[in-house]
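**Q** I have a structure I would like to understand better, so I am pasting it below and will then ask my questions one at a time.
The values are calculated or read from the model by the stated rules, or taken from the named source; none is laboratory data. Everything quoted here is computed from the prediction, not taken from an experiment. We place every Cβ from the backbone using ideal geometry, glycine too, and count neighbours over all the protein chains shown. SASA here: full protein model, heavy atoms, side chains in, ligands and nucleic acids out. Shrake-Rupley method; radii C 1.70, N 1.55, O 1.52, S 1.80 Å.
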Amino acid sequence: MSDIQEATKQLLDVNLHENQRSVQVTESDLRSESELLVTIGATVPTGFEQTAADEVREKLGSSCKISRDHSKIYFVISLESLAQVHCLRSVDNLFVLVQEFQDYQFKKTKEEVLKDFEDLAGKLPWSNPLKVWKINTSFKKKKIKHTKINQHSSKGKIDNGKDNKIDETGIKKEFTDNALDSHILDYYENPAIEEEISTLVGDDLASCKNETDESTRQETEPQMLKFRVTCNRAGEKHCFTSNEAARDFGGAIQDYFKWKADMTNFDVEVLLNIHDNEIIVDIALTEGSLHPRNITHFGPTTLRSTLAYGMLRLCDPLPYDIIVDPMCGTGAIPTERATEWSDCYHIAGDNNPLPIDRAANNISSLLTKSQIKEGKPSWGLPIDAVQWDICNLPLRTGSVDIIVTDLPFGKRMSSKKRNWNLYPACLQEMGHVCTPATE
């Protein structure tokens, strides 16, 4: 039996019910588990649904369905491809589909509708979605565990001498020793391939083998999971409120699984999405949005990394293109470019020294993450941060291939009155420095 099969067995052999007992799994069963097809959903920035669908098709080879409820997409993957889903750059939140009702017939009275919600909880196919949730949870726990270990091991690497310089020898040793762990932990950013996923699952296997008998016994005992139900409802013809639907549906789930309800410190979040006559039940796979992946120093108007990726993908950068963000702010667009399009050269600029400092810190953090991921020191990233005047850029005429920027709207930054003068001047300067084919 291979490592990935053995790890899959350990991760999937869980107690989801209070009185459920683990059963023996044959090798053919393990193969069928890894090849199990599940439907994954994701929230994406509004207006970038097709961009996200194109990324899923390119990286996972799956076709996407764009939900009638805007900013959501659904796609089918095999269970062994779950880690690759976390590598997508255009998604905010992830969840696994339990069941979809495209034309649900609501009863006429509130009491009848809420009673149907209670009956629905016991009829849904929970088994496969909960397997996905369990494996996804094991990924997150390993990431948190290894992050704490790496943070602790990084202490003491600073030389207490006069210049307070970093011990380069110690850093190289740390990179060598922790290369595999950090490579596993950065599956959010790494392009996932079969070998990397096998390594990821194999690392979970090795960790499981090193557990003590006591902790192993505690893990195999039935545990009381905590859960909550979140209802998102849109439509004017419903005779019930979102809170009423979540309350009755959640009560039925509690009776069915014998879980404990907890609105804040929960393990499982069940999503009840109601859009007119459509009902979709999901289980959340992320506790928060994946968008702040490259940003460590935030500003008042920091752009979401998922938005930055969508804007850049629409430009379709070619290798060795020169890409400029003349109003970079904290550097969300340049850092996203350097992560996904590392064979291009990126220039970030702003007229204020404070956002330039934030952008430089974010670039430095990205470089450190890249060094840990590769397991060795790096010469740097193809990106520079410069303070300049947007209306008088220090760039040669026709030297820029792509310009991508987030202009101030005049609410949190600048003002609408100032934008009347700023927009024409900066657009004219952008046209001066770009090539005729610049986007």
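**Q** Using a 1.4 angstrom probe on the protein heavy atoms only, line up Arg313, Arg233 by accessible area, largest first.
**A** Numbers: Arg313 50, Arg233 85 Å².
Heavy-atom accessible area, descending, gives Arg233, Arg313.
**Q** Can you tell me which of 251-258, 50-57 comes out highest on packing, and rank the rest after it, using the mean Cβ neighbours within 10 Å?
**A** Ranked by mean Cβ neighbours within 10 Å, highest first: 50-57, 251-258.
**Q** Per-residue accessible area for His432 at 1.4 Å probe radius, Å² rounded to 10?
**A** 90
**Q** Then there's this: So for Glu340, Glu111, Glu278, what's the accessible-area order with a 1.4 Å probe, most first? Could you put the intermediate results ahead of the total?
**A** Numbers: Glu340 65, Glu111 130, Glu278 10 Å².
I get Glu111, Glu340, Glu278, largest accessible area first.
**Q** How big is the accessible area of Met430 in square angstrom, nearest 10, if you roll a 1.4 angstrom probe over the protein chains?
**A** Answer for Met430: close to 20 Å² accessible.
**Q** In addition: Evaluate the relative contact order of the stretch 305-433 (contact order divided by residue number), counting alpha-carbon pairs under 8 angstrom at least 6 apart; express in whole percent.
**A** Working: 197 pairs, mean separation 36.0, N = 129.
Taking the mean separation of contacting Cα pairs over the length of the stretch 305-433, I get 28 percent.
**Q** Another question, if that's okay. Using a 1.4 Å probe over the heavy atoms of the protein chains, calculate the carbon and sulfur portion of the accessible area of the stretch 305-433 as a whole percent. Don't skip to the end; give the middle numbers.
**A** Numbers: 3600 of 6600 Å².
Solvent-exposed carbon and sulfur of the stretch 305-433 make up 54 percent of the total.
**Q** Moving on to the next point. So what is the diffusion coefficient of the stretch 305-433 in µm² per second by Stokes-Einstein at 25 °C and 0.890 mPa s, using a Kirkwood Rh over Cα pairs?
**A** Details: Rh = 15.2 Å.
Translational D for this selection: 161 µm²/s.
**Q** Please state the charge dipole magnitude for the stretch 305-433, taken about the Cα centre, from unit charges on C-beta atoms (+1 on K and R, -1 on D and E), reported in debye and rounded to the nearest 20. Please report the intermediate quantities before stating the final value.
**A** Details: 12 positive and 14 negative charges, 105 e Å.
Value, rounded to 20: 500 debye.
**Q** How many angstrom separate the Cα center of the stretch 232-279 from the Cα center of the stretch 307-334?
**A** Cα centroid to Cα centroid, the span is 40 Å.
**Q** Shifting gears a bit: Rounded to the nearest 10 Å², what accessible area does Arg304 have for a 1.4 Å probe in the complete protein model?
**A** That residue has around 90 Å² of solvent-accessible surface.
**Q** If DNA, RNA and ligands are ignored and the probe is 1.4 Å, what is the ranking of Asp325, Asp389 by accessible area, most exposed first?
**A** Numbers: Asp325 0, Asp389 80 Å².
Most to least solvent-accessible, the answer reads Asp389, Asp325.
**Q** Taking the Cα centre of the stretch 283-378 as origin, sum charge times position over the Cβ atoms of Lys and Arg (+1) and Asp and Glu (-1), and report the length of that vector in debye to the nearest 20.
**A** Details: 8 positive and 10 negative charges, 52 e Å.
For this selection, approximately 260 debye.
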